[in-house]
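The values are calculated or read from the model by the stated rules, or taken from the named source; none is laboratory data. What you see is a predicted model; the values in this text were computed from it and never measured. Heads up, the Cβs are rebuilt from the backbone with ideal geometry, glycines too, and the neighbour counts pull from every protein chain shown. Surface areas here come from the heavy atoms of the whole protein model, side chains and all, with no ligands, DNA or RNA. Shrake-Rupley method; radii C 1.70, N 1.55, O 1.52, S 1.80 Å.
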Amino acid sequence: MLDVIRAAGTISRVGLIDATGFTGATISTVVRKLIEDGLVKETGRAESTGGKPRVLLQLDQSSRYAVGVHLDHSGIAYVLTDLGGSVVARMTRAGAGTEDPPAVVERMAAEVRTLIDGVGVDEARVLGIGLVSPGPLTPTTGMRLAPPIMRHWEDFPLDEAVERRTGLPVVLGNDATAAALGEYWSGAVNGSSTFAAVYVCTGIGSGILINGIPYHGTSGNAGEIGHICLDPDGPECWCGARGCTEVMAGPAAVVARARADAEAARSAGLDPDGPRGRSSVAAEFAAVARAARRGEPAARAIVDRSARYLAMATRTLANVLDLDRVVLSGQSLAVAGSLYLPIIQEELDRAFFARATHPVAVQISTSAATAPAIGAATTVLQSELVPLQPGTRIPEHLAEPEQARARPAEA
């Protein structure tokens, strides 16, 4: 019911009856409890339609807050959101790099404290921390099979360590799924029932939302389009397969091709004989993308090749899920999205299986660089706003007989 109120902005009790199908008695009971808890407040009355004007309800946005943290090799982004998902504060700090995990956790705890204290929010109002990172993840131990650049995080109890150092509950998640959730809560995909965020940072992934609910899969690793095989005889990927989207189209592949091409390296300002440290992949990819946007032929050809591979993977995802929208998100697409979008859109227009029935719209995220952190915070909010998970019983005092729920509710 909280999520219905959030989505509506303002809504009457009668509107809640219509939206949820619960009876008036249940609505009254739950709304009274939400008001007592300070989560919902009454905010004036609707215009009269002949009877007594109806009292409107809305979330008390400042009653609760959530922290979102996106942990990545190249940077750590932090956001603080209110109960409605609006960003109250944000900041970006140095990435995990090669630093030892315990040292990074110490730094993250201090930076979370700085974020909260910087806007004067009472920590008692903070529901918890949503912490997202590259997959694959396990629900309890974090990055069990970590990407090469974060291999030293394998088996590190990330959520436990952060919870212990901050004193706040931690919800662990996948950064691509969080990016999709952030897009949904920001209102960027209104009207789309099934959409995906194609996410490119140092790696490639995607987050999937169905009717506003993230699809996680069995272990929280759904949407890994970075590991769709595009060429069975292609280069070996760190995941153990060959010809994956990530090894064919990812930022590291773009940088490697640019370094191997003297013209592309020159136009992007790369030193072809310089160090090939992983810490510079994001910056070097951005340099290649800027050269491509300037129209440098060699750089543009390399980026276009990457975009074609990513378009193939995106079409596969769209075919499997019958998507109606794709949002391009992530740090790398924040700088190169304008180059990738037309190629991905053309591929979907040309070869999406259900194109005769409906199109798939492609758009660039308006918050591509910070969408995972925003989505991370909203995972905490969603655990508060939409708490029931499969196997969870509705409390007896809220449960209604099936025939009562089906009966037309009285105003």
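Before moving on, here are some points about what is shown:
- For the range 40-54, the condition holds for at least one residue, the condition being that it is farther than 30 Å from Q331 by Cβ and either surrounded by 17 or more Cβ atoms within 10 Å (Cβ to Cβ) or in contact (Cβ under 8 Å) with a residue 40 or more places away in the chain (or both).
- The set of residues from the range 278-313 being among the β-branched types (V, I, T) and either more than 14 Å from G250 (Cβ to Cβ) or open to solvent by 20 Å² or more (accessible area, probe 1.4 Å) (or both) comprises just one member, V281.
- Residue satisfying all of: in the range 214-229; in contact with a Leu (Cβ under 9 Å, 6 or more places away or on another chain) and of a type in the set (A, V, I, L, M, F, W, C); farthest from A176 (Cα to Cα) among these: I228
- Only listed residue being closer than 19 Å to A179 by Cβ and touching a Phe, Trp or Tyr at 6+ places or on another chain (Cβ under 9 Å), chosen from L341, L381, L317: L381
- Where a residue in the range 290-309 is in a helix (DSSP H, G or I) and its partner, wherever it lies, is of a type in the set (F, W, Y), with Cβ under 8 Å and at least six apart: V303/Y340; S306/Y340; A307/Y340
- Among residues that are open to solvent by 70 Å² or more (accessible area, probe 1.4 Å), within 30 Å of I129 (Cβ to Cβ) and under 34 Å from the mean Cα position of the chain (by Cα), E36 is included.
- Residue that is most open to solvent (accessible area, probe 1.4 Å) [pool: residues in the range 314-358 that are at pLDDT 95 or above and hydroxyl-bearing (S, T, Y)]: T357
- Members of the range 215-273 found to be within 22 Å of L339 (Cα to Cα) and surrounded by fewer than 14 Cβ atoms within 10 Å (Cβ to Cβ), listed by number: A260, A262, G269
Listed here are the residues, each with its yes/no results for (1) open to solvent by 10 Å² or more (accessible area, probe 1.4 Å); (2) modelled with pLDDT of 90 or more.
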| site | (1), (2) |
| --- | --- |
| F156 | yes, no |
| D159 | yes, no |
| G167 | yes, yes |
| A176 | no, yes |
| A180 | no, yes |
| E183 | no, no |
| S193 | yes, no |
| V198 | no, yes |
| S206 | no, yes |
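- Assessment of the range 74-97 against the conditions (acidic (D, E), open to solvent by less than 40 Å² (accessible area, probe 1.4 Å), touching a helix residue (DSSP H, G or I) at 6+ places or on another chain (Cβ under 8 Å) and at pLDDT 90 or above) yields at least one matching residue.
- Residue within the range 57-66 that is open to solvent by 40 Å² or more (accessible area, probe 1.4 Å), modelled with pLDDT of 90 or more and touching a Phe, Trp or Tyr at 6+ places or on another chain (Cβ under 9 Å) present: no
- Residue match in the range 101-113 (condition: within 30 Å of G24 (Cβ to Cβ) and touching a Ser or Thr at 6+ places or on another chain (Cβ under 8 Å)): no
- Scanning the range 154-173 for residues that are under 21 Å from the mean Cα position of the chain (by Cα) and within 19 Å of E99 (Cβ to Cβ) gives L158, D159, V162.
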